[in-house]
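Read through the structure below, which is laid out as structure tokens, and then see the notes.
The values are calculated or read from the model by the stated rules, or taken from the named source; none is laboratory data. Just so you know, these numbers come straight off a predicted model, no measurement behind them. For neighbour counting, all protein chains shown are included, and Cβ atoms are generated from backbone atoms with ideal geometry for every residue, glycine included. These accessible areas exclude ligands, DNA and RNA; they are computed on the full protein's heavy atoms, side chains included. Shrake-Rupley method; radii C 1.70, N 1.55, O 1.52, S 1.80 Å.
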Amino acid sequence: MNTLRPSPDEDRAAGRPPRIEILPAAAWAPTVAAELIARLAARPSLRICLPTGETPSPVYAALAAAEARGAVSFAGSTIVMLDEWVGLPPGDPARCDVRLRSELLDRLRVPPSLFAAIDVDGPDPDEAATRHDAAAVGLDLAVLGLGTNGHVGFNEPGSSPDDATRLVRLAVSTREAATARYGASRMPTAGITVGLARLLAAGEAWLLVTGERKAAMLRRALEEPEGPDCPASYLRRHPRLTVFADDGAASLLPK
Ligand code: F6R
């Protein structure tokens, strides 16, 4: 462990800007995977919050391949789901638990010591959200994707940095993505998401962003004043935020 590294409080006091890694598309997933492998090597009991979606898929493929050749182990780690649709049946291909299992967890020789999925199949989603909020306490690392509407997790526009893990109404573009991009069997209108308060309290936060379609929103998130129209902009409050962007996603950032 590097004891010379400033504490989070010192970072915050210093107003440390985000670390922005801009990578050629081909190097993006291997670089993100290598950093996660390094974090797991430094702390095998890492508590990690993970998203699903198209962005992290190549990272999960690289991690699964690395685990197969013995280059990393998740055995001591805890994986906490970032979010989940409410109203999709168990096994639905768009479900976040289904995707994370098929892209990463089921491909590991040795699974994480704990996988905290979000219980959206029980009778009370509010209660499930409260239970998941407890699971999201003390995260070492929150890995996040960026929605084209500025959301992180299902913290949709209008969210606040103080928000807890909760049941949310999904933005129209998020609902449409469930069926159009992820193959959901029906269009969900709600979800449960780890709230920005828990994400901002994690030891580190990573924002993963790829493709030109995200370029305008990445610029909005990083270059304009923070605000509820772009919940990702609140991530700049995090003292240890790293943005991993490929060339396309970074194409509108100042040179
Ligand atoms: C999914 C999630 C969402 C996605 C975002 C980007 O678990 O939390 O916030 O990260 O919508 O999705 P992709 O990566 O499919 O463009």
What tally of residues in region 205-227 results from selecting those that are open to solvent by less than 20 Å² (accessible area, probe 1.4 Å), in contact with a Leu (Cβ under 8 Å, 6 or more places away or on another chain) and not aliphatic (A, V, I, L, M)? 2
Assuming residue 178 fulfils every condition listed in (1) open to solvent by less than 50 Å² (accessible area, probe 1.4 Å); (2) part of a strand (DSSP E or B); (3) more than 27 Å from residue 239 (Cβ to Cβ) apart from one, which condition is it? (2)
Residues that are more than 16 Å from the ligand (Cβ to nearest atom) and at pLDDT 95 or above, at least 2 per element: which helices (runs of 4 or more DSSP H) completely within region 1-112 meet that? 25-42, 57-68
Where residue 168 falls short, out of the listed (1) touching an Asp or Glu at 6+ places or on another chain (Cβ under 9 Å); (2) open to solvent by less than 10 Å² (accessible area, probe 1.4 Å); (3) assigned to a strand (DSSP E or B): (2)
Determine whether residue 254 is more than 10 Å from the ligand (Cβ to nearest atom), more than 22 Å from residue 85 (Cβ to Cβ) and part of a loop (DSSP other than H, G, I, E, B). yes
When you go through (1) within 15 Å of the ligand (Cβ to nearest atom); (2) assigned to a helix (DSSP H, G or I) one by one for residue 200, which number turns out not to apply? (1)
Selected residue [hydrophobic (A, V, I, L, M, F, W, C) and assigned to a loop (DSSP other than H, G, I, E, B)] from 143, 243, 137: 137
Just to check your reading of the model, which residue among 100, 88, 104 is in contact (Cβ under 8 Å) with a residue 24 or more places away in the chain, open to solvent by less than 20 Å² (accessible area, probe 1.4 Å), on the phi < 0 side of the Ramachandran plot and touching a Pro at 6+ places or on another chain (Cβ under 7 Å)? 88
